[in-house]
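The values are calculated or read from the model by the stated rules, or taken from the named source; none is laboratory data. Computed from a predicted structure; not experimentally measured. For neighbour counting, all protein chains shown are included, and Cβ atoms are generated from backbone atoms with ideal geometry for every residue, glycine included. Just so you know, the surface numbers come from the protein's heavy atoms only, side chains and all, with ligands and any DNA or RNA stripped out. Shrake-Rupley method; radii C 1.70, N 1.55, O 1.52, S 1.80 Å.
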Amino acid sequence: MAAVLISATIKEDDTSEIITVNKDITRTTGFSVHSDSTDLNTSARGTIFVGGTGEIPENIRIFARIEVDPDDWGGVAFYIPAGWYVSAIMSSYPENDAPAIPADHVTTWTAAEPESEWSARVEVGRDRGNLTAGRGTGTVVIDLLPDKDAIGQTGTLDIMVAVGSDEKNGVKICGTDYIEIPVS
């Protein structure tokens, strides 16, 4: 039997940095929404991280794990509140689907009216042609930054997450189930 001895010297110096968990994160809020009003199995579960050093949030990160039912053409939508804009999106949806390109399954819409309650909407796995091919699971990360001119004017700040689709009396419905998450 051979024995191996490993020796390491840990050196403390002024260049080392202490890693702080949730540095400058002032609040975290979990959420979960499912398409309970339909026979579909579409859901979004995640956490919203609010960052900053003062009372007014300086950034928001939405981290969500989503699943879109094979029969659901409505997918998942994230409604971004007025006074905020999408600065970055990362997506793995649909995972394990080799020919799929995640960027092809995410769409961002911006409100035309400045007075709108929502400044933008990020849709994942939504097919406006009402097709249902290629559904699956994935992770989505959405980074938000405040509009410096509007952020001080907003009181409460809610983010809405909607899932699912249905058809009633010939009318197609997106976002059959939703949750509004208060952020501040």
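Per-structure values
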read-out	value
Long-range HN-HN contacts of Thr26 with modeled amide H, under 5 Å	Val50, Gly51, Gly52
R0 of 22 Å, Cβ-Cβ distance Asp39-Ile101: FRET efficiency to nearest 0.05	0.15
Accessible carbon and sulfur surface of the stretch 53-101 relative to its total accessible area, %, 1.4 Å	51 percent
Of the chymotrypsin sites (Phe, Trp or Tyr not before Pro) in the stretch 60-89, those whose Cβ has at most 16 other Cβ within 10 Å and which sit in DSSP loop	none
Å² per residue, accessible surface of the stretch 34-184 at 1.4 Å	51 Å²
Estimated FRET transfer efficiency when R0 is 25 angstrom, pair Thr139-Asp71 (beta carbons, to 0.05)	0.70
In order through the stretch 161-172: 3J(HN,Hα) via Karplus (6.51 cos²θ - 1.76 cosθ + 1.60), integer Hz, x for Gly, Pro	10, 10, 9, x, 7, 7, 9, 10, 6, x, 9, 8
